[in-house]
Amino acid sequence: MARKRKPAPDAPNGWLVVDKPSGMTSTAVSNIIKRMALGAKCGHGGTLDPLATGLLPIALGAATKTVPYAMDGRKAYRFTVRWGEARDTDDSDGSIVATSDKRPTEAEILAALPALRGMIQQTPPRYSAIKVDGARAYDLARDDADFELKPRTIEIARFDLVEMPDADTAIFDVESGKGAYMRGLARDLGQALGCLGHIAALRRTRVGPFRLDQGHELEYLKSLGRIDNACPALLPVKTALDDIPALAISDSEAADFRNGRAVRLLRKGDLERIEALGLDDQGEGVEFRVETRTGLVGIARFEAGEIKPQRVLNF
């Protein structure tokens with residue numbers, strides 16, 4: 001078995017936000033960054049389809065421990081639906097499986113959107129990475145296997161019509177929670193309107209705390225040659241945690257935390273720290289990030305008067 005390569009001393013710890021080009025998988029983009037990152041661990045904050053462009057946050061080193069927090073955050077998209085065709089992939093990369101001559105009016109679209117907002121049931125596209133009896137759905141779909149994906153509950157916080165460039169297309173803005181497929185939304189809207197539809201273009205503009213103005217084109221990142229802690233595009237590890245509250249602790253408390261020991265909040269002045277987090281000192285609280293004067297220490301949960309370590313970040 002090949003020995004695992006140890007990261008270089010200056011291997012990066014942080015986030016790179018790639019503005020993914022169309023035609024590439026998220027894995028292919030991540031692999032390019034990984035080869036440049038001096039042996040650092042690498043992960044990304046939410047897959048984008050090959051057709052899609054936009055935000056692909058990539059975690060390096062210690063930042064990989066914060067990937068779940070990026071993926072759990074809300075995401076925003078702008079996409080174009082082409083009416084009149086259903087495709088097996090629910091986007092323009094797939095094969096046509098049904099057609100319709102009907103085209104929706106603006107009034108019909110606006111009337112259909114409320115049913116696709118809020119907490120709704122969505123059946124994932126057949127060409128998706130969801131596992132069915134241990135196999136990926138997209139592999140089963142390519143093999144023409146007979147299988148069924150179960151609907152699941154997702155959150156669509158916003159689904160707005162932006163414009164209708166012509167009778168065949170419409171552009172939408174969407175803000176969604178975890179696990180929502182934009183291809184599924186386009187498919188379901190087309191079915192609700194009785195005209196069929198699929199995604200012709202898709203761009204992700206937000207992932208949790210990451211915004212489009214933080215993104216860099218892949219060609220620019222490749223031009224850097226290598227990615228280390230001095231990379232101008234590297235964002236701090238805690239960027240993925242900007243949406244959760246922070247608690248300041250002392251150096252001695254941080255030492256206990258890093259050794260996996262809970263920190264008691266029973267001393268004078270601790271009530272202010274508890275109240276600042278919006279927590280009840282009698283019960284469980286939400287997760288929050290823990291910091292000292294010198295930086296991020298990890299992620300904790302407040303339970304019965306204690307800071308209990310959930311993830312320790314050593315870098």
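The values are calculated or read from the model by the stated rules, or taken from the named source; none is laboratory data. On a predicted model such as this, the values are computed, not experimentally measured, just so you know. Using ideal geometry, Cβ is built from the backbone for each residue, glycine included, and neighbour counts are taken over all protein chains shown.
One residue stands out among those in the range 150-161 that are hydrophobic (A, V, I, L, M, F, W, C) and closer than 25 Å to Gly45 by Cβ: the one that is surrounded by the most Cβ atoms within 10 Å (Cβ to Cβ), which is Phe159. Would you check if there is a residue in the range 209-216 being within 22 Å of the chain's Cα centre (by Cα), of a type in the set (A, V, I, L, M) and not in a loop (DSSP other than H, G, I, E, B)? Within the range 209-216, one or more residues are within 22 Å of the chain's Cα centre (by Cα), of a type in the set (A, V, I, L, M) and not in a loop (DSSP other than H, G, I, E, B). May I ask you to list pairs of residues, at least six apart or on different chains, whose Cβ atoms are under 6 Å apart, with the first in the range 285-311 being without any contact (Cβ under 8 Å) to a residue 40 or more places away in the chain and the second being outside any strand (DSSP E or B) and among the aromatic types (Phe, Trp, Tyr)? From residues that are without any contact (Cβ under 8 Å) to a residue 40 or more places away in the chain, there are no pairs. Scan the range 81-104 and tell me whether some residue there is at pLDDT below 95 and more than 23 Å from Ala170 (Cβ to Cβ). Checked against the condition, which is being at pLDDT below 95 and more than 23 Å from Ala170 (Cβ to Cβ), the range 81-104 yields no hits at all.
Would you check which residues across the range 129-182 are touching a residue at least 60 places away in the same chain (Cβ under 8 Å), touching a Leu at 6+ places or on another chain (Cβ under 8 Å) and closer than 16 Å to Gly94 by Cβ and list them? Result: Met182, single match.
Just one of the listed residues (Ser22, Ser30) is closer than 22 Å to Leu202 by Cβ, assigned to a helix (DSSP H, G or I) and not hydrophobic (A, V, I, L, M, F, W, C), and it is Ser30.
Restricting attention to the range 97-140, the residues that are charged (D, E, K, R) and surrounded by 12 or more Cβ atoms within 10 Å (Cβ to Cβ) total 7. Scanning the range 41-63 for residues that are free of Cβ contacts under 8 Å to residues at least 40 places away in the same chain and buried (at least 19 other Cβ atoms within 10 Å of the Cβ) gives Cys42, His44.
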